[in-house]
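In what follows, a single structure is set out as structure tokens and then discussed.
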Amino acid sequence: MSKLKKTFVAVFLLLFMYLCFSVIVSNQTYVSIPFYLLNLDEYPLIGDWLPVITFYLAGSVFIVLFILMLGTIFYPKKLSQFKFKKTDGVLRISKKAVEGVVTEALVAEKLMENPNVKATMSQRKIKIKVKGDFQIFSDLYGKTDQWSKNLETQLHDLIGPDVKILIKIKFEKPRPENNNRVT
């Protein structure tokens, strides 16, 4: 975890701990405990500000949690296979099948050595990430772009032209492994 993430998590947890502390102090009269904490407005120097801070902090935490709840509800579902129903049957396309088609196309085109293909499927998208060692070509970038468009067309034809699915292919390592070659 990076330092920035750790800092954000630590600040959020401190604010949340303060909010929990203020709830404990406010509701301590309802539970019998062997000690007594001061009320929020009885603390010296900051007693007048603690209830105001607690109010705004609770409001902001409520808003953040509400946004996280909405994000959780509407986040697209990851799929392991597409299922298309027609009058004459059902077509199922799995994530492994898409990865296999892309790998075979890469090997047949001799564009990469040892390709590693990862597909992410949601309800209306297929994202394909390709990693591997590129073969050395003079027009590598033009060839990969044209190959990506051809494969996207093939996958659209496989799924069906009437199905609206966005297919994106991304190459993770767009340079050949041999960087010592003089051109």
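Results, tabulated for the structure shown:
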quantity: Label-point separation, L68 to V23 (7 Å along Cα→Cβ), nm; calculated: 1.2
quantity: Of K5/K129; K77/K143; K6/K149, pairs whose Cα-Cα distance is over 30 Å; calculated: K77/K143; K6/K149
quantity: Rounded to 10°, Cα long-axis angle of helix 140-159 versus longest principal axis of the chain; calculated: 80
quantity: Options [x] 22.1; [y] 20.1; [z] 17.5 - which one matches Kirkwood radius over Cα pairs in Å as calculated here; calculated: [x]
quantity: Segment 5-147: relative contact order as a whole-number percent, Cα under 8 Å and 6+ apart; calculated: 13
quantity: Within segment 99-126: backbone nitrogen closer than 20 Å to the F84 label point (7 Å, Cα to C-beta); calculated: 99-105, 119-126
quantity: Additional length obtainable on full extension of the chain from K164 to S122, 0.36 nm per residue less Cα span; calculated: 13.9 nm
quantity: Expected 222 nm ellipticity per residue - DSSP helices of 4 or more, -39500 (n - 2.57), all of the chain, to 500; calculated: -16000 deg cm²/dmol
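Where a number appears in this text, it was derived from the coordinates with a stated rule and is not lab data. Every value quoted in this text rests on a predicted model; they were computed, and no experiment measured them. All Cβ positions, even for glycine, are placed from backbone atoms using ideal geometry, and neighbour counts span all protein chains on display.
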